[in-house]
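The values are calculated or read from the model by the stated rules, or taken from the named source; none is laboratory data. Source: prediction; values computed, not measured. Counting neighbours? That spans all protein chains shown, and the Cβs are built from the backbone with ideal geometry, glycine included.
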Amino acid sequence: MVISNKPLRFILVALVACLPLISFANPEEGSVKVKTEAAHEVTEEAHAEPTDVKSKIKEFINHHLLDAHDFTLSVNEETGEHYGFSLPIILWDNGLQVFSSSKFHHGEKTAEHNGNYYVLHHEKIYKTEADGTLTEGEHGHPTNATPLDLSITKSVVGILGIAVLMFLLFAGLAKSYGKNNGIASGAGRFFEPIVLYIRDEIAIPNIGEKGYKKYMSYLLTIFFFIFFLNILGLTPLGFNVTGNIAITASLALLTYLITTFSANKSYWGHIFWMPGVPTPMKFILAPIELLGTIIKPFSLMIRLYANILAGHVVLMSIIGLMFIFKSWIGSTLSFGLAFALSILEILVAFLQAYIFTMLSALYFGAGNEEHHHEESH
Amino acid sequence: MDKLINDFSFGLFIWQIVIFVGLIFLLKKFAWKPILDAVNEREEGIKNALLSAENARKEMQNLQADNQRILQEARLERDNMLKDAREMKEKMVADAKNEAQAQGLKMIEQAKAAIESEKNAAMAELKLQVSTLSLSIAEKILKDELSNKEAQTKLVEKMLGDVKIN
C-alpha cells in the first residue's frame, strides 16, 4: 500500500508552526519580551486556570477511552445536565439484576436495587454498603466486590449497531445479485470490490487455493467489523470500541481458537517436533514454538488496541489544544492539525482492519500449510 | 499494565464474543455464502463466455481456412477442367482435321479412279464408235468404188501399181 506523504508533510509543517504557540502557553516571563496580542490572551487564559482546562481535558480523554454505562452526547457543565440516554445495567450478583443506568446519575450516586447497593467508579461497577463508600486498595483501585457486569454499555450498543448495519448491508448485497442478474446494485456495490480484495489478495495468497473457503466468513466478518468500528470511533458520537482491550482480546482469541482447531498435523509436528534439526534442539524449540502460537494472537490484540487508542488520544489531545489556546492562530492551527490527523486516522482505520485480517489469514495459512518434504505417501 | 487489567471489562468481552460469533454465522448464511457464490458464478460465467468466444473465433478461423482451401481446390479443379477441355478440343479439332484430310484424299482418290474409269469407258466407246463409223465409211466407199467395172479395174491397177513400186 502506498501512503501519500502529503498529509504527513502537512502535519509536520503544522506542528512546527505550532511550536512557538505552545511555548507561549507555558511562558518563561523573562525570556520573551515582545508578545503579540494573541499571545497575551493565551498566557492570560493559561495563567487564569492553567491546570483546570488541562486536567479537565485529560479527564475527558481518559473518560472517553473507557466504556460507558450511559450514552452521553454532551454535558452542560454549569447545570450538570447530561444530554443523551440511559442504558440498561445487567449484573449477575446472586441472580440477574437489571436496572437502568439512570440510577447512578452518571456515577454521582449510589444505585440501590433489590436491597443491593452499587457504585459506578471509573465506569466499573462495585458493590458497596448503603453509604456507598469504596475502600481503596494498594494500587489505588477499590477492593470492593465487582459483580459480573453484563450491562448493555455504549460499546455493546456500538457493536450491536454495527452488527445490524453489516447484516443489512451485506444481506442486501447478497440479495441484489439475484435481482440484478448477478451484478451488485445499491450500496453493496461499493463493498463488493473489498470483499473480492479480501478473497483474492488476503485469503487466497495466504491460505492457499485449497482451504481458503472455510475461513472466508471469518475473515470477511472480522475485516468489516473492525473497519466499521474504527470508522465509528472517528465519528463525534464518541465510541471507542476497537480501542478497548476487551474487544481486541476477544477478536484475537477467536483467531487463536480457529488457528488451533483447524490446524493440520504438520503444523503441530512443526511445533512439538521440529523436523530437520538435531534432537536436543527439538526440546528447546518446542516451548519456544508453543509460546509463539500464543504471542501471535497477543500481538494482534495489542496492535489493534494500541493503534486505535493512540489515534484517539492524539486526536482528542489536539482537539483539546483548541480550548487551551483559545486564540485564532493556535486554535485554527490545531483545527487544521486535527483535520489532517482525522484523515490519517481514516487510513489507519482501514489499515488496522487490513492488518488484522491479513495476519489472521497468515496464521490460518500456517496452520493449513502442506509440507511435502516430509510426507511419505 | 495494572490499569489495563483493572479496566478489562469481562462483560464487554462476553458480549463481544457472543455478538461477533452470532454475526459470523448470520452473515455466513445470509451474506457471505450467497455473495461469494454469486461472484464465483459470475466469474465462471465470464470465463466461460470468454472461452466460448475464443472457441467461436477459432472455429470461425478454421471455417475460413476451410473455405479458403475449398475455394483453392475448386479453382484448381476448374483450371484442370479447363485445361482438359482445351486439350480435348484441340485433340478433337486435330482428329477432325486429320479425318477430314484423310476423307478428302480418299474422295479425291476415288474421284480420280472414277474419272479414269469413265475416261477409259469413254475412250472404249469412242474407239467402238470410230471403228463402226470407219467401217461404215469403208463399206460405203467400197460399195461406191466397186459399183462399176471400170472403177474396179482402175483400183486393181492402182493397187497393182503400188505393189510394183514396192
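Here are a few things to note about the model shown:
- A:Tyr256 satisfies every condition listed in (1) within 11 Å of another protein chain (Cβ to nearest Cβ); (2) under 21 Å from the mean Cα position of the chain (by Cα) except (1).
- The stretch A:303-320 - residue that is buried (at least 21 other Cβ atoms within 10 Å of the Cβ) and hydrophobic (A, V, I, L, M, F, W, C) and, of those, modelled with the lowest pLDDT: A:Ile318
- The criterion of at least 1 residues that are closer than 21 Å to A:Ala163 by Cα is met by the following helices (runs of 4 or more DSSP H) wholly inside the stretch A:173-274: A:188-197, A:213-234, A:245-262.
- Selection status of A:Glu138, more than 9 Å from chain B (Cβ to nearest Cβ), surrounded by fewer than 19 Cβ atoms within 10 Å (Cβ to Cβ) and either over 31 Å from the mean Cα position of the chain (by Cα) or under 18 Å from A:Phe71 (Cβ atoms) (or both): no
- Test: residue in the stretch B:38-52 that is under 30 Å from A:Gly140 (Cα atoms), more than 7 Å from chain A (Cβ to nearest Cβ) and out of contact with any helix residue (DSSP H, G or I) (no Cβ under 8 Å at 6 or more places or on another chain): no
- The set of residues in the stretch A:148-161 that are more than 9 Å from every other protein chain (Cβ to nearest Cβ) and surrounded by 19 or more Cβ atoms within 10 Å (Cβ to Cβ) comprises A:Lys154, A:Gly158.
- Test: residue in the stretch A:114-131 that is away from every other protein chain (no Cβ under 14 Å), of a type in the set (S, T, N, Q) and not in a strand (DSSP E or B): yes
To keep it simple, each residue is scored yes or no on (1) more than 30 Å from A:Leu173 (Cα to Cα); (2) within 21 Å of the chain's Cα centre (by Cα); (3) exposed (fewer than 10 other Cβ atoms within 10 Å of the Cβ).
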{"residue": "B:Lys28", "(1), (2), (3)": "no, no, no"}
{"residue": "B:Arg42", "(1), (2), (3)": "no, no, no"}
{"residue": "B:Asn48", "(1), (2), (3)": "no, no, no"}
{"residue": "B:Arg57", "(1), (2), (3)": "yes, no, no"}
{"residue": "B:Gln64", "(1), (2), (3)": "yes, no, no"}
{"residue": "B:Gln68", "(1), (2), (3)": "yes, no, no"}
{"residue": "B:Asp95", "(1), (2), (3)": "yes, yes, no"}
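- Scope the stretch A:214-231; condition facing chain B (nearest Cβ under 8 Å) and of a type in the set (D, E, K, R); matching residues: none
- From the list B:Ala38, B:Ala31, B:Ala65, the one residue that fits, being part of a helix (DSSP H, G or I) and touching a Gly at 6+ places or on another chain (Cβ under 6 Å), is B:Ala38.
- Within the stretch A:56-90, restricting attention to residues that are in a helix (DSSP H, G or I) and among the hydrophobic types (A, V, I, L, M, F, W, C), the residue that is nearest to the other protein chains (Cβ to nearest Cβ) is A:Leu65.
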